Amino acid sequence: MDVLDELVQAAWRRVEEGYYRPPGARERPRFSLAGAVRESRGRAVIAEIKPRSPTHPDLLRGRDVLGLARAYSACGAAGISVLTDPDHFGGSLENLRLLSGLGLPLLAKDFVVDPCQLSAYHACGADCVLLIMALFSRKRTSLPLPDMIRRAHSLGLEVLLEVSSEGELEAALESQADLIGINSRDLSTMEVDPGGPIRVLRGVSPVGERPILALSGISSPGEIRRLREAGFAGFLVGTSLLLSPDPGAKLRELVGA
């Protein structure tokens, strides 16, 4: 079994066990992640919060989630990505609720297989949800991609659609996703190919006006500049921020690249 299959099986267990039961009504206004990315004009960094990952067992290292998010906000984040997978990333729906008082777009990041997850993210304050193209092509979801996107939009959630190949990018451009992200990490092995997003983007042209984001494996201003020059409108950064002794200062450095 590859890593992605394991992550999907765990997501289905959480669905069946009721983990994604909406905890109550949404209490915050909506913020547009797509709008924030466009307004940043190529300097949008979405800062990620995840307590751990399959490759790093402790990323928070005693830091407070709300304090970290406030530092990200103060240092120029265009939005905040929040892991809600508790099994492999130590995430939680409660972290989404905890950050709902911030005036920034919140991206719920998980392995979405069923629309009940969308309802939970919306209730907890998310503005955008990550959908992974590979889960739909492998038929591991309860709805096909167009229906899942429509369900998200019916709740007022934007969709960031993750791809990792030219074929997936071409399919994503035919979808109604609000943003598209090209991941440098192979979710089957968790290995990172830093040059992957640029190769994929260059292989599919033109891509139109929809914001294209680079996901994973970004750690330096030089990488941000190369990706921006290649046509990326924004960048999702997690591990390199969390491994930094001062995540806020690291974020400010990347935003200013």
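Only the coordinates and a few stated rules stand behind these numbers; no lab work does. This structure is a prediction, so every number in the text was calculated from the model and none was measured. Methodologically, a virtual Cβ is constructed for each residue, glycine included, from the backbone with ideal geometry; neighbour enumeration extends over all protein chains shown.
Observations on the structure shown:
- One decimal place: the segment residue 5-residue 94 gains 29.5 nm when fully extended, by the rule 0.36 nm per residue minus the C-alpha distance.
- Annotation: amide H of residue 181 within the under-5 Å range of 161, 162, 163, 213, sequence separation 5 or more or interchain, hydrogens built in the peptide plane.
- Ascending count of other beta-carbon atoms within 10 Å, so fewest first, for 255, 200: 255, 200
- Considering all different alpha carbon pairs of region 164-252, the Kirkwood hydrodynamic radius works out to 13.6 Å.
- The residues 127, 114, 64, when put in order of fewest to most other Cβ atoms within 10 Å, stand as 64, 114, 127.
- Extended-chain gain in nm, criterion 0.36 nm per residue less alpha-carbon gap, residue 166 and residue 153: 2.1 nm
- Inter-part distance where region 50-90 and region 150-200 are each reduced to a Cα centre, Å: 21
- About its Cα centre, the dipole of the chain is roughly 680 debye, where the only charges are +1 on Lys and Arg Cβ and -1 on Asp and Glu Cβ.
- Residues with amide H under 5 Å from that of residue 81, placed H, sequence gap 5 or more: 47, 48, 49, 107
- Under a model in which nothing but the beta-carbon of Lys, Arg (+1) and Asp, Glu (-1) is charged, region 128-185 shows a dipole of about 340 debye around its Cα centre.
- Restriction of the trypsin sites (Lys or Arg not before Pro) in region 1-97 to DSSP coil positions whose beta-carbon has at most 12 other beta-carbons within 10 angstrom yields 41, 61.
- The magnitude of the dipole of region 1-99, with charges of +1 and -1 set on the Cβ of Lys/Arg and Asp/Glu and taken from the Cα centre, is near 640 debye.
- Excluding exposed DSSP-loop GluC sites (Glu not before Pro) (at most 10 other C-beta within 10 Å), longest clean stretch of the chain: 1-173
- Each Cα pair under 8 Å and six or more residues apart adds its separation to the average, and for the chain the resulting relative contact order is 22 percent.
- Kirkwood Rh, angstrom, region 32-145 [1 / mean 1/r, Cα pairs]: 14.7
- Mean Cα-pair separation over length for region 180-251, i.e. relative contact order, pairs under 8 Å, 6 or more apart, %: 29
- DSSP beta bridges in the chain [antiparallel fraction, %, rounded to 5]: 10
- The Cβ shell under 11 Å around residue 185 holds other residues with a net charge of -4, Lys and Arg each +1, Asp and Glu each -1.
- Sorted by Cβ neighbour density within 10 Å, fewest at the top, the residues 72, 19: 19, 72
- Restriction of the chymotrypsin sites (Phe, Trp or Tyr not before Pro) in region 81-153 to DSSP coil positions whose beta-carbon has at most 13 other beta-carbons within 10 angstrom yields no sites.
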